[in-house]
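Visitor: Could you have a look at this structure, given as structure tokens, before my questions?
The values are calculated or read from the model by the stated rules, or taken from the named source; none is laboratory data. Being a predicted model, the structure only gives us computed values, none of them experimental. Virtual Cβ from ideal backbone geometry, glycine too; neighbours counted across all protein chains shown. Heads up: the accessible areas ignore ligands, DNA and RNA and are worked out on the full protein's heavy atoms, side chains in. Shrake-Rupley method; radii C 1.70, N 1.55, O 1.52, S 1.80 Å.
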Amino acid sequence: NSVKEYEVNFDEYPLDVDHYVGDYAPYVQSKRVDIYQAFVKDLLIKDLAYPSFLTSEQLNEITEKQQKRKQRIGYYGIWASKERAMTMEEVKEKVEAGNPYVIRLKSKGSFDNKIVVNDCIKGRIEFPENDMDIVLLKSDGIPTYHFAHAVDDTLMGTTHVTRGDEWVSSLPVHVDLFNTLGFPLPHYAHLATIQKEEDGKRRKISKRKDPEAAVSYYDELGVPPDAVKEYLLNIANSTFENWRRQNKDANIEDFDFHLNKMSVSGALFDMVKLFDVAKIVISRYSAEKVYNDSYAWAKKYDEELVKLLENKDYALKVLGIERGNAKPRKDIAKWSDLKENISYMYNEEFDKITEFDFGKVTDKELANKISKLYSKKYFDINDDKQTWFDKMKDLAEEVGFAREVKEWKADPEKWPGHVGDISSVIRSKLTGRLNTPDLYEIIKVLGKDEVLRRLTK
């Protein structure tokens, strides 16, 4: 589902163990054993690899000696010299005796030499050359990551390898291995880990500890995949935010993404920023798309929201409030916000409200007077927006409030409030809230009868 929702389309992959999509099957390692063994045999014939019969106990002994002597840990040089020098007869004898073994690279490298790799993200990186006789094939015949990477990626024609920067330290091994096999080295792009701030400190975001590391988390919250992808581009390329500002309606596929613009040290994951991005993304949606996507989410996660959305015609009117304007509403970051954001537009939810805050108008008698005047003298469902607002100013003047906000600001002692405070009373009477999208549009959607009913509540 995640692959489908996020439009991640693979060119090649296994359908199951025996069936594939792509030109380089099989894609399951256990089905590629003959391929790995063919390359290993070639290396053995060229004396570039050898069988190693060391037990884990013997390897531990070598490590302990190296630690005591404060030498580099690993299987290289003098430590590997005995097995390197084994004759074919000695090898044959051990194999026929049933001794388990692995196949190791016979590295020609020297730790005193330097190699340079130009990483697509980190730039020029210099390392000591690899001299470790790494394991190529394990005792069960399955390759290590290093060997499978070299063989599989070369045979598949891979030109660029993107992976986490925990693999940077493996570059000397991979350069040595590719050179030994005679394969062209791919371009590497090592991605810095996404980080999270906790108790004032940064740490790598964890798929075990942090729910936001999983795509399913955003599905449960109802954050649209579009928003998640847009946010990830924000933290992936420093130039994306300016590009988006200049190309508000463009598809993210049009963004010129560059690996060398990615953070070298690791981007900080910020849920608040993600939700801000999501609000902007959802604000660009049509009412129809908001309805379809939120309804699909609600059927999975919120039965109460499903009930509110069942009347599609009315729901589209509600969701169309302040949508498609030059400055559309930006109050919805995720579908789990939606029920709270629109519930007052539904009678059964509105009628549960028992406490009303009228803002600066703290005298409830005055609030009731404003409400009655509006309903009996000034309210006309057929008014256009300018006429409606002019009438609100007339109402403000009738109860002794300033017609214009700027008038009140110029001399706040002269009036108890301004037209905006009058609007707040009507807004609260009709919605139970002081902060909502455009009040005029709300009135038009509620309709004459419901507006009058609510004003007398």
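Visitor: Once label points are set 7 Å from the Cα along Cα→Cβ at both Val3 and Asp384, what is their separation, rounded to one decimal in nm?
Guide: About 5.5 nm, to one decimal.
Visitor: Rounded to the nearest 0.05, what FRET efficiency do Glu166 and Asp449 give with R0 = 60 Å and r taken as the Cβ-Cβ distance? Could you check?
Guide: Computed FRET efficiency for Glu166 and Asp449: 0.40.
Visitor: On alpha carbon coordinates alone, what is the Rg over Rh value for the range 228-293, Rh being the Kirkwood radius?
Guide: Reported Rg/Rh (Cα atoms, Kirkwood Rh): 1.00.
Visitor: Follow-up. Along its principal axes, what span do the Cα atoms of the range 24-87 show, with the longest given first and each in whole Å?
Guide: Principal axes ranked by extent give 48, 27, 18 Å for the Cα atoms.
Visitor: For Ala25 and Lys46, what is the calculated FRET efficiency with R₀ set at 41 Å and r taken between the beta-carbons, to the nearest 0.05?
Guide: 0.90
Visitor: Please report, as a whole percent, how much of the solvent-accessible surface of the chain comes from carbon and sulfur atoms (probe radius 1.4 Å).
Guide: Result for the chain: 49 percent of the exposed heavy-atom area is carbon or sulfur.
Visitor: Which one, Val306, Val361, Ile252, projects farthest toward the positive side of the charge dipole computed for the chain from Cβ point charges (K/R +1, D/E -1)?
Guide: The residue sitting most towards the positive pole is Val361.
Visitor: According to the Kirkwood expression over distinct Cα-Cα pairs, how big is the hydrodynamic radius of the range 404-444, in Å?
Guide: The answer is 11.1 Å.
Visitor: With a sphere of radius 12 Å drawn around the Cβ of Val151, what net charge do the other residues whose Cβ falls strictly inside it have (Lys, Arg +1; Asp, Glu -1)?
Guide: -3
Visitor: Provide the per-residue ³J(HN,Hα) series for the range 167-177, in order, calculated from phi with Karplus coefficients 6.51, -1.76, 1.60 and θ = phi - 60°, each as a whole number of Hz, with x at glycine and proline positions.
Guide: Once rounded to whole Hz, the list reads 8, 4, 5, 8, 4, x, 5, 6, 4, 4, 5.
Visitor: Name the long-range amide H neighbours of Ala402: under 5 Å, sequence gap of 5 or more, or other chain; modelled H, no Pro or chain starts.
Guide: Gly417, His418, Val419
Visitor: Let me know the Kirkwood hydrodynamic radius for the range 234-367, please, with Cα pairs as the basis and the value in Å to one decimal.
Guide: Kirkwood radius, the range 234-367: 17.8 Å.
Visitor: From largest to smallest, what semi-axes in whole angstrom does the chain give when each is the square root of 5 times an eigenvalue of its alpha carbon gyration tensor?
Guide: Equivalent-ellipsoid dimensions as semi-axes: 70, 23, 19 Å.
Visitor: Can you give me the relative contact order of the chain as a percent, contacts being Cα pairs under 8 Å and 6 or more apart?
Guide: So the answer I get is 10 percent.
Visitor: Scan around Met132 for amide H atoms under 5 Å from its own, H built in the peptide plane at 1.01 Å from N, and keep only partners 5 or more places away or cross-chain.
Guide: none
Visitor: Using only C-alpha atoms and all pairs of different ones, pull out the Kirkwood radius for the range 91-167 in Å with one decimal.
Guide: 15.2
Visitor: Please list the non-local residues whose amide H lies under 5 Å from the amide H of Leu268, H modeled 1.01 Å from N, same-chain partners needing a gap of 5 or more.
Guide: So Leu268 has HN proximity to Gln195.
Visitor: Mind listing which chymotrypsin sites (Phe, Trp or Tyr not before Pro) in the range 1-68 are in a DSSP loop and have 16 or fewer other Cβ atoms within 10 Å?
Guide: Answer in residue order: Tyr6, Phe10, Tyr24.
Visitor: Then there's this: Do any trypsin sites (Lys or Arg not before Pro) in the range 273-363 lie in a DSSP loop with no more than 16 other beta carbon atoms within 10 Å, and if so, which?
Guide: Here the sparse-neighbourhood loop sites are Arg284, Lys330, Lys352, Lys360.
Visitor: How would you order 245-253, 258-266, 81-89 from highest to lowest mean count of nearby Cβ atoms within 10 Å?
Guide: The packing order, highest mean first, is 258-266, 81-89, 245-253.
Visitor: Let me ask something else. Students often check this: by mean Cβ neighbours within 10 Å, which of 416-425, 71-80 ranks highest, and how do the rest follow?
Guide: Those peptides, ordered most packed to least, come out 416-425, 71-80.
Visitor: On to the next question. Can you give the accessible area per residue of the chain, in Å², using a 1.4 Å probe?
Guide: So the chain comes to 57 Å² accessible per residue, rounded to a whole number.
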